[in-house]
């Protein structure tokens with residue numbers, strides 16, 4: 001018998017792992033104090049946090065003036081003046097929309113957000129969703145404009161604040177997305193004229209800043225229009241946003257299209273699908289899944305870019321805030337105003353980011369080898 | 001000699017009514033002359049195997065039959081419809097011609113069942129439940145009904161290729177084209193795909209197969225075509241083709257593929 005032969009004499013019992021490798025202490029050792037440099041970084045980071053976090057907490061919360069307080073109270077306090085938000089929140093959120101009618105934009109926003117919520121669920125991606133959007137948007141505009149059933153008419157130059165921002169962003173996304181798919185397909189078309197048109201459109205629009213598009217839409221477009229024809233300022237800004245975003249988005253989607261193997265087109269053609277059915281059923285669903293992160297990137301950019309409409313005198317959330325804090329009594333507390341709307345912008349953008357991660361997980365499930 | 005051999009086939013079928021006719025077909029890729037003077041027809045119910053060295057134009061030839069490739073000279077007529085630039089004709093032909101690819105080309109975002117029902121629903125306009133019932137029948141025939149709700153990425157290569165065959169059959173085609181259906185498969189999976197193809201041949205389906213499986217050609221084919229450098233060099237019934245090749249190029253090719 002070889003001396004390598006071996007027979008275990010007894011069954012070894014399970015033992016507890018060493019205390020230093022599990023639980024909180026184990027986590028600390030593995031993550032924060034794993035060697036000299038890591039320990040140094042941990043200590044340095046801790047020092048920076050100790051230096052900056054307590055003053056920030058003091059300013060934000062402990063020394064801050066909350067609730068309904070006069071500006072004098074803020075002048076004496078060392079912390080943030082949240083009283084300015086209490087005082088001005090209606091102006092910030094709704095701009096110059098008539099004060100007594102604010103329930104209408106609230107309801108309108110609720111409709112928009114409900115629509116978005118419904119559309120987030122894949123089970124609802126059916127034909128009726130298009131109808132729901134048409135109905136919902138019609139209800140939104142009816143509420144905002146009024147002029148029937150005793151609702152006073154509110155011209156849209158008075159619309160402002162969050163409803164305007166949401167409207168521009170949501171319609172921007174809903175319209176720019178399909179337009180960009182057509183542009184992306186057009187840019188890959190075998191028909192030279194279609195391709196040239198799409199390339200020119202994308203390169204021209206993408207090559208100029210959104211601000212210049214907004215200016216052109218506001219000041220140059222009317223020069224070309226016959227006298228008497230007047231396109232509403234809000235509509236012009238909306239069109240500029242859609243044009244701009246769709247050019248960007250088209251390139252993102254084209255990136256996804258490039259990644260689809262030739263065999264997918266051939267297999268779709270071989271079963272007799274025509275061009276549009278092939279794109280809709282086989283190519284685009286795969287292409288778009290591949291580029292969800294950059295698509296959402298563009299959507300987030302679009303959402304924040306709506307703040308640029310302020311320069312063509314539309315009172316979006318940002319301009320409404322600027323006007324609200326221009327009150328001489330509260331002028332000193334503009335930072336608090338901007339923090340307030342930064343939180344609002346963040347909430348919407350963070351939602352989009354989380355939703356895109358959720359979608360990626362949904363699509364990933366089962367479609368790759370497990 | 002080759003013609004005489006073809007004429008001596010025991011089962012002439014409907015010989016005056018070829019389902020595929022290629023008359024003097026030429027094709028170029030840029031300057032490269034990839035198909036030269038292809039005169040070739042397939043009768044209903046006939047099973048053709050096309051072989052030849054790589055780059056000989058055999059894949060290009062069968063891809064011309066459903067217009068995945070465009071020919072520049074000559075005529076191709078499939079089931080009485082001539083392939084021209086008219087997209088309606090092309091789509092009519094594609095409905096009747098099923099194709100199985102070397103790399104399966106299943107749609108990865110759809111389940112096996114959805115892969116099989118896409119064509120019948122969106123091209124043939126069948127109601128969904130009818131299309132699904134048909135698809136399940138074909139999935140049973142290729143022996144993977146239990147995989148119907150899985151995605152292609154979850155299947156082995158052999159299973160994917162069998163799904164691809166079922167997907168093509170769901171369109172109820174008059175002709176099936178196979179473009180090297182086993183070339184991308186591991187050896188142990190080749191048999192399961194070939195078995196399905198042999199069963200299909202037994203049902204009387206018209207088949208045109210580009211393949212290097214000479215055993216398959218021997219047992220199934222009514223006629224074997226040998227292509228080299230864009231040309232049909234030799235065609236004959238399999239017994240004659242393998243036992244008594246006429247052209248020098250065929251002999252060299254056969255000695256190479258049959259050597260191992």
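Taken together, the values in this text are just the output of simple stated rules run on the coordinates, not laboratory data. Bear in mind the structure is a predicted one, so any value in this text is a computation, not a measurement. Cβ sites come from the backbone with ideal geometry, for glycine too, and all protein chains shown count toward neighbours.
Couple of notes before you dig in:
- Computed from Cα atoms, the angle from the helix B:112-122 axis to the main principal axis of chain B rounds to 80 degrees.
- Whole-angstrom Cα spans of chain B along principal axes, big to small: 52, 44, 39
- Percent antiparallel among DSSP beta bridges (both partners in chain B, rounded to 5): 55 percent
- Applying 1/(1 + (r/R0)^6) with r as the Cβ-Cβ distance of residue A:196 and residue A:258 and R0 = 22 angstrom yields a FRET efficiency of 0.70.
- P(r) histogram, all alpha-carbon pairs of region A:24-161 included - 5 Å bins from 0, percent: 2, 8, 10, 10, 8, 8, 9, 9, 10, 10, 7, 5, 2, 1, 0
- Pair-distance profile P(r), taking every C-alpha pair of region A:224-270, with 5 angstrom steps and integer %: 5, 16, 13, 14, 12, 10, 9, 8, 7, 7, 2
- The convex hull built on the alpha-carbon positions of region B:120-177 has an orientation-averaged projected area of 4.2 nm².
- Each Cα pair under 8 Å and six or more residues apart adds its separation to the average, and for region A:161-319 the resulting relative contact order is 36 percent.
- Anisotropy class of chain A from Cα gyration tensor, a/c 1.5 cut: oblate
- Stretch gain in nm, segment residue A:8-residue A:110, where the contour uses 0.36 nm per residue and the Cα spacing is subtracted: 29.6 nm
- When the convex hull of its Cα atoms is projected in every direction, mean area for region B:23-166 (nm²): 10.1 nm²
- Theoretical FRET efficiency, 1/(1+(r/R0)^6), r = Cβ-Cβ of residue A:102 and residue A:311, R0 30 Å, to 0.05: 0.70
- Chain B: angle of helix B:128-141 to the longest principal axis, Cα-based, in degrees nearest 10: 50 degrees
- Compared with the alpha-carbon gap, the fully stretched path from residue A:37 to residue A:69 is longer by 6.6 nm at 0.36 nm per residue.
- Semi-axis lengths, Å, the protein assembly as shown, gyration tensor of Cα atoms, sqrt of 5 times eigenvalues: 65, 37, 21
- Relative to the dominant Cα principal axis of chain B, helix B:87-96 is inclined by about 80°.
- Dividing the radius of gyration of the alpha carbons in region A:17-74 by their Kirkwood radius gives 1.34 for Rg/Rh.
- Here each label is just a point 7 Å from Cα along the line to Cβ, and for residue A:48 and residue A:21 those points are 3.3 nm apart.
- Burial ranking of peptide ranges A:226-233, B:77-84 (average Cβ count within 10 Å, highest at the top): B:77-84, A:226-233
- On the principal axes of its alpha-carbon atoms, region A:75-130 has extents of 59, 28, 12 Å, going from largest to smallest.
- When Rg and Dmax are taken over the Cα atoms of region A:133-253, they come to 16.9, 56 Å.
- In nm, spacing of pseudo-spin labels at residue A:322 and residue A:174 (7 Å Cα→C-beta vector): 2.8 nm
- Antiparallel DSSP beta bridges within the protein assembly as shown, percent to nearest 5: 50 percent
- Sites residue B:54 and residue B:87, calculated FRET efficiency, Cβ-Cβ separation with R0 25 Å, nearest 0.05: 0.20
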